[in-house]
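To start, the structure itself, in structure tokens.
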Amino acid sequence: MKSFQVEFNFDHGNTIVHNVEAVDKESALGKIPSNGTYEISDVETGHIYRITINLVKYIKVSEL
């Protein structure tokens with residue numbers, strides 16, 4: 001498993017960054033639905049974020 005950084009980019013320069021473990025970039029991206037919502041948990045704070053995929057302008061996946 002490799003570490004990847006997934007960036008969800010919205011309007012006006014707003015970005016949410018999420019780190020995931022996956023075999024490759026395609027697998028990391030494949031965990032994100034093409035429609036609906038995607039949930040992210042912040043381990044440090046215990047907060048849960050739900051992203052509405054339709055509001056995302058683009059998603060960038062980079063290997064760490």
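Points worth noting:
- Of the chymotrypsin sites (Phe, Trp or Tyr not before Pro) in the chain, those whose Cβ has at most 14 other Cβ within 10 Å and which sit in DSSP loop: Phe10
- Per residue, the solvent-accessible area of the chain (1.4 Å probe, heavy atoms of protein chains only, all protein chains present) comes to 72 Å².
- Remark on the chain: Rg and Dmax equal 11.6, 33 Å (Cα only).
- Only Lys, Arg, Asp and Glu carry charge here, each on its Cβ (+1 for the first two, -1 for the last two); on that basis the chain has a dipole of about 160 debye about its Cα centre.
- For the chain, the set of GluC sites (Glu not before Pro) satisfying both a DSSP loop assignment and a count of at most 12 other C-beta atoms within 10 Å is given as Glu44.
- Share of carbon and sulfur in the accessible heavy-atom surface of the chain [1.4 Å probe, %]: 49
The values are calculated or read from the model by the stated rules, or taken from the named source; none is laboratory data. Just so it is clear, the structure is predicted and the values come from calculations on it, not from any experiment. All Cβ positions, even for glycine, are placed from backbone atoms using ideal geometry, and neighbour counts span all protein chains on display. Only protein heavy atoms, including side chains, enter the accessible area calculation; ligands, DNA and RNA are left aside. Shrake-Rupley method; radii C 1.70, N 1.55, O 1.52, S 1.80 Å.
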